[in-house]
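Below is one structure, written out as structure tokens; comments come after it.
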Amino acid sequence: MNALVRTFWFAVFTLDEYLRSGRIMVELAATAVAYYLFFRRWTTPMTPDYFFSTAGLFMLGLTVYTGSSILALGDRPAGYVALARRLGRGPYLMGLYLAVLAVSWGMYGAVCLLVAFTNPLRSLDFIGWVLGTIPLLLNLALLAAFLALLTPMVLPAPWRLAVLALVALAFSGSLIGGATMSSLPESVAIALDVMRTILSAPLLPAFTGFAISVSRDYSGASAVVPVAQLFLVIGLLAFAVYSFAKREIVFSG
Amino acid sequence: MDVIELDEVHKSYDGIPVLRGVSLRVPQGIVYGMLGPHGAGKTTLIHLLLGFLRPDRGVIRMFGSNNLHQVDGRVGYVPERLRYHNRYTVREYLWYLGRFSGLSGATLRRRVDAEISACGLTSVANRPMSALSRGMVQRVGIAQALLSEPDLLLIDEPTASLDPEGQQDVIELLAAVRRRGCTILMATHFLDEADLLCDRIGILHGGRIIAEADTCTLQRPAGSVVITVADMPAAAKSALTALSPAVQCNRHEITLTPNTPELQAQVVRLLLDHGVTIMTLAPQRHPIEEFYLAAVSGHAKRDRSSEAPTSRLQGSEDVLLHELLRQEEQQTSEDQRSKHL
């Protein structure tokens, strides 16, 4: 049995368990509330920009919940029974990841269907919807891959802290600026700027992906952004699978 | 051929040694019982064999290969704690696990049906795992391990959290599994279990296998009784000896091997008739128990006479043992709570 088939069956197994656990009700309830608050027909018609920006942010939040819940299903002693078979560690982690994507993308699909039937966007055709959806879905895949990487079974605690610290440093531009920045010695400020620039580079596809999703403008270099998003997803997953394969497995609980 | 070979395997957690040079050979086709108290490192050893953990030092070979992932499909595993994915029915769960083992189609259905039947799960096959008794859940554990017809079965404390009835059920099931002929490594701290199921036993204590023996060399006729007396006159002794060849006695001790209620009554009556004071009457200690206690006490004496660093290590082991016991208690109360809910 090849690794892809094993991955598929483990994803189905995890998804099946997640649905039976009833936790999917949280996603369904959150989606219903989000639809009521943001996407149903109010007095003014909804614009495509508003739809993609709001749906993009809402789905990111929902993916954090879904990712944490499903990845936690994999990090418990019942996993030993699955891993003691021919399943393999790569298909185990990828199966969990695909289950997260299935729920997250599924919920986005549900939002789109609700909007299409109850509050259709007159100025958005199918092509426009596809162009806005691709970077949005890739951003969800990116976030899910990042969550998989930060699971305790994949990275040890010091590494997780280090990754989070690097992300915080990359985002520090919005926290450390203006007066604080000018009060720092010039050499420190330059060093901080250089580090921010380097560290924020991997985050660029995610941010530009969000911008393209909203604008659906693929002119110029923007066309390569989804490709960059895809490569970043593959890179993060490869790192997560490699780290999981190298680690000793001591599940939580 | 040795199915399992361990040479000087060391393993520690955060600097606390758990295994300190375990060397072990398990030949093909036997049932090897690894005896040891909670926290002795039995689960660690099994997780090393499954490739979940890696040894700090030493060599592990299974089926002659150093690459444990090559033999994944040949090994079945029954975990210590009854922690399975309990939202599925028994049949669904076995079906999924069979999928992960590389089975599919008609073969998968046939294997699932066969193990459901062989493990006595037919009546509960379509019930959710969460609705089963612990004994039944452990039967599912054994069924899933046998699903891919493994050459080697690793069983960790199969009856640890079961009531006496559940224990008996599982022991009977394992006795049936034993007849299939696959090699079994079973970790346990129940001596009766080892006596009933194992061909060979090894005692894991202080992070090492401190003694090994074939159980056939430890066998003794069952049902022996030892009567201790204050002092026995010669007349009573000769009367007892004449009573039956099953009676062996010296001045302070009479052994009845094998014991029967009639013989025991006769001996007691004779002793009372001769005015002998009976101090105790007790079943003779089991030979495996004697072997275990002798090995552990001998090891403890050696430990006491050794140098200070050993004592320090023993101290760290106590910390680990304490932590493992705490986790076990916590797990038991969690299990009870979830059962209650």
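Each value in this text was obtained by applying a stated rule to the coordinates, not by laboratory testing. Just so it is clear, the model here is predicted, and its values are computed rather than measured. As a convention, Cβ positions derive from the backbone with ideal geometry for all residues, glycine included, and neighbour counts pool all protein chains shown.
Each residue of segment A:100-107 was assigned a 3J(HN,Hα) from its phi angle through the Karplus expression (A = 6.51, B = -1.76, C = 1.60, θ = phi - 60°), giving 4, 4, 4, 5, 5, 5, x, 5 Hz with x at Gly and Pro. Maximal additional length on extending the residue A:245-residue A:2 stretch stands at 85.7 nm, based on 0.36 nm per residue less the C-alpha distance. Based on alpha carbons, the Rg and Dmax found for segment B:178-267 are 18.8, 55 Å.
How compact is the protein assembly as shown by the rule of thumb for globular proteins, expressed as Cα Rg over 2.2 N^0.38 Å?
Numbers: Rg = 32.0 Å, N = 594, 2.2 N^0.38 = 24.9 Å.
Ratio of Rg to 2.2 N^0.38 Å for the protein assembly as shown: 1.29.
Could you tally the net charge around residue B:125, taking each other residue with its Cβ under 15 Å from the Cβ of residue B:125, Lys/Arg +1 and Asp/Glu -1? Counting the neighbours of residue B:125, the net charge comes to +3.
Comparing B:132, B:24, B:243 in a Gaussian network model of chain B (Cα springs below 10 Å), the most mobile by mean-square fluctuation is B:243. Treating r as the C-beta distance of residue A:32 and residue A:125 and R0 as 35 Å, the FRET efficiency rounds to 0.85.
Per the Cα gyration tensor, segment B:225-283 maps to an equivalent ellipsoid with semi-axes of 15, 12, 10 Å, ordered largest to smallest. In summary, the convex hull built on the alpha carbon positions of segment A:164-216 has an orientation-averaged projected area of 4.3 nm². Measuring r between the beta carbons of residue B:199 and residue A:161 and using R0 = 45 Å, the FRET efficiency lands at 0.35. Bridging of residue B:237 to aspartates and glutamates at a Cα separation below 14 Å is possible for B:253, B:273, once same-chain residues fewer than 8 apart are set aside.
Can you list which of the trypsin sites (Lys or Arg not before Pro) found in segment A:110-219 are DSSP loop residues with at most 13 other C-beta atoms within 10 Å?
Details: sites: A:122, A:160, A:196, A:216; in loops: A:122, A:216.
Passing both the DSSP loop test and the Cβ count: A:122.
Taking 0.36 nm per residue of separation and subtracting the current Cα-Cα distance, fully stretching the chain between residue B:282 and residue B:251 would add 9.5 nm. Secondary structure note: in chain B, about 65% of the DSSP beta bridges are antiparallel.
Relative to 2.2 N^0.38 Å, what does the C-alpha radius of gyration of chain B come to as a ratio? Two decimals please.
Numbers: Rg = 23.8 Å, N = 341, 2.2 N^0.38 = 20.2 Å.
Dividing the Cα Rg of chain B by 2.2 N^0.38 Å gives 1.18.
Couplings for segment B:125-132, taken from phi via the Karplus curve 6.51 cos²θ - 1.76 cosθ + 1.60 with θ = phi - 60°, read 4, 9, 8, x, 4, 5, 9, 8 Hz in order; Gly and Pro are left as x. Close amide H pairs (under 5 Å, H built 1.01 Å from N) link residue B:13 with B:18, residues at least 5 positions away or on another chain.
Which value, in nm² and rounded to one decimal, describes the direction-averaged projected area of the C-alpha convex hull of chain A?
Average projection, Cα convex hull of chain A: 17.1 nm².
Please figure out what share of the DSSP beta bridges in the protein assembly as shown is antiparallel and state it in percent, rounded to the nearest 5.
Details: 34 of 52 bridges.
Roughly 65 percent of the DSSP beta bridges within the protein assembly as shown come out antiparallel.
The H on the amide N of residue B:209, modeled in the peptide plane, is under 5 Å from the matching H of B:23, each at least 5 residues off or on a different chain.
Using the Kyte-Doolittle scale, find the helices of chain B whose mean hydropathy is at least -0.5 and whose Cα atoms extend 15 Å or more along the helix's long axis, counting only whole DSSP H runs.
Values: long enough: B:90-100 (16 Å, -0.16); B:105-118 (20 Å, -0.32); B:134-146 (18 Å, 0.42); B:164-178 (21 Å, 0.01); B:261-273 (18 Å, 0.41); B:287-305 (27 Å, -0.57); B:308-340 (48 Å, -1.44).
Answer set is B:90-100, B:105-118, B:134-146, B:164-178, B:261-273.
Say R0 is 35 Å: what FRET efficiency, to the nearest 0.05, do residue A:187 and residue A:218 get from their beta-carbon distance? Don't skip to the end; give the middle numbers.
Details: r = 41 Å, r/R0 = 1.17.
After rounding to 0.05, the efficiency reads 0.30.
Would any residue of segment A:129-145 have its amide N under 20 Å from a label point 7 Å out along Cα→Cβ of residue A:64? List them or say none. The answer is A:136-145.
If I stretch the segment between residue B:163 and residue B:8 completely, what's the gain in nm (0.36 nm per residue apart, minus their alpha carbon distance), one decimal? Please list the in-between numbers first.
Details: separation 155, 0.36 × 155 = 55.80 nm, distance 3.65 nm.
Extending this stretch completely gives an extra 52.2 nm.
Put a dot 7 Å past the Cα of residue A:194, heading toward its Cβ, do the same for residue A:25, and the two dots end up 5.6 nm apart. From helices alone, chain B scores -14000 deg cm²/dmol at 222 nm; the rule is -39500 (n - 2.57) for each run of n ≥ 4 DSSP H residues, then divide by the residue total. When you filter the trypsin sites (Lys or Arg not before Pro) in segment B:192-261 for DSSP loop state and at most 14 other Cβ atoms inside 10 Å of their Cβ, you are left with B:251.
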